[in-house]
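Participant: Supplied in structure tokens, the structure appears directly below.
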Amino acid sequence: MGCLDDGRFAVVIENGVNNDCGEVGLGNDGGAIEEAVKVLLEGLGEDVNREGLRKTPLRVAKALSEGTRGYRQKVKDIVQGALFPEAGLDNRVGHAGGAGGLVIVRDLDLFSYCESCLLPFQVKCHVGYVPSGERVVGLSKLSRVADVFAKRLQEPQRLADEMCSALHQGIKPAGVAIVLQCTHIHFPDIESVFLDSNHKGWVKILVSSGSGDFENKNADVWNDFFSLLKFRGISVDKIHFRGSSDPCWCPSQSFLSAKVSSKIGPVNPVMISAVASIIESLGEDPLRNELIGTPSRFVKWLMNFQNSKFDVKLNGFLYGGIDALNVNEEINLNKKITSELNIPFWSQCEHHLLPFHGVVHIGYLISDGFNPIGKSLLQSIVHFYGFKLQVQERLTRQIAETISPLLGGDVIVVVEASHTCMISRGIEKFGSSTATIAVLGRFSTDPTARASFLQSIPSPTSTGEQ
């Protein structure tokens, strides 16, 4: 039996060791996280030994360890030895070089784990500083220092403030400026998502922090900084400056407590203890004020994808409420392509327990005299298979196989998705997306029909613009 079944995992936080479920502590962080992940999988009703999940605890532990490596790094070790002499202007009025010439490194792609819900969020980071003392820092060090603080449990304003303070102390400039464009996956409303095809995929916030010459947000040097960030979608009016932190940036703070919790029932305390032990194993204090509610919020999010518990009423359509198109009807070469495009979905990667979301495009061939199937049914099928631990390839196949008998067998399904596991692990492929396709019946043998449908799919918006 697993740790969840007998309740033994709950003692981990107090005692630090559980002989049956692994150790918790700095000496065995990975093992402790693996055991905690097994508890979470069991709490979802999953078989931890089934193919696809067998190595999930190890993969999650590795991803979390990599994604929070900043706790084990020191800014001093990065900056030390990376300051170089650089003269300023020679007897001229002005600022340049190592004496007052503004330096900006733009468009650093980072990710961090949200301290409110433990889901990754993307960061587009812009770092600037005004050199002093006729010395400059190696440009790559600005990126590395930013990454140290991003690779921790964070919220945007504190992330900007910590980057700013560390660089000011480490390189002793006249001033440091940080601007972060942060993007967090939205929490879908499971009920309204069936009806709202325009549900936003991302929550965004702009934050900044400044020291020295940049401490005053109205200083002229900020104008120079923002002028050099033009064409990057930054509106100065929407920037949160130091001291104006938005505590509701994470959608879990408002959404889960108001909507999801009433749908999933009481939160399993053993699963909450498991998440608290993960936080502790990462080097954080689960009793820190900002983290106290995090285990509960993460479990509530995860329970959206509970195995076989998401009761989607398909309006009776899959159970005799609709007359399926006759697969054995005489083939009509004049069948027309009918499509439903951009059906939104959310799912959870079973390999890394990280969300992925996107849109589903469905095409099928029908003859004259048949009415197109209702969009609500297709949405219901998409969400039925989406709100599970999934992989995109299986999701695509399951949707196609389910709708095929309803639509006469000639079906094509395309799924386009953004995977947070593609940004929040070692690969860190920001802006990437994945497309998968399933073709049945005539679409599998007729390249003209396939091409016609594929050309009808609208161009996807970039990940950060969804």
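Participant: Can you run phi through the Karplus equation (6.51, -1.76, 1.60; θ = phi - 60°) for segment 69-80 and list ³J(HN,Hα) in whole Hz, with x for Gly and Pro?
Facilitator: Each residue's phi maps through the Karplus curve to give 5, x, 5, 9, 10, 10, 4, 4, 5, 7, 6, 4 Hz.
Participant: Amide H to amide H under 5 Å from LEU354: which residues, 5+ apart in sequence or cross-chain, H placed 1.01 Å off N in plane?
Facilitator: Long-range HN contacts for LEU354: CYS349.
Participant: Another one. Calculated FRET efficiency, ASP368 and VAL391, Cβ-Cβ r, R0 45 Å, to nearest 0.05?
Facilitator: Efficiency at R0 = 45 Å is approximately 0.75.
Participant: Now for a different question. Under 5 Å between amide H atoms, partner at least 5 residues away or on a different chain: which partners does LYS151 have, H built in plane at 1.01 Å?
Facilitator: GLY70
Participant: Would any residue of segment 157-183 have its amide N under 20 Å from a label point 7 Å out along Cα→Cβ of LYS76? List them or say none.
Facilitator: What the label zone holds, given the 20 Å backbone N cut-off, is 162-173.
Participant: To continue, here is another question. Could you go through segment 394-401 in sequence order and give the Karplus-derived ³J(HN,Hα) for each residue, using 6.51 cos²θ - 1.76 cosθ + 1.60 with θ = phi - 60°, rounded to whole Hz, and x for Gly and Pro?
Facilitator: Couplings: 5, 4, 4, 5, 5, 4, 4, 5 Hz.
Participant: Right, another one. Report, by chain and number, residues whose modeled amide H sits under 5 Å from the one on HIS240, excluding near sequence neighbours (fewer than 5 apart, same chain).
Facilitator: LEU206, VAL207, SER208
Participant: Continuing with this model, one more query. Tell me, what is the FRET efficiency for ASN49 and LYS217 to the nearest 0.05, using R0 = 60 angstrom and their Cβ-Cβ distance as r?
Facilitator: According to the calculation, E is roughly 0.60.
Participant: For a Förster distance of 56 Å, can you work out the FRET efficiency between the beta-carbons of ASN289 and SER376, rounded to the nearest 0.05?
Facilitator: Here the calculated transfer efficiency is 0.80.
Coordinate-derived values only; no laboratory data. No experiment lies behind these values; they were computed from the predicted model shown. So basically every Cβ, Gly included, is an ideal-geometry build from the backbone, and we count neighbours across all protein chains shown.
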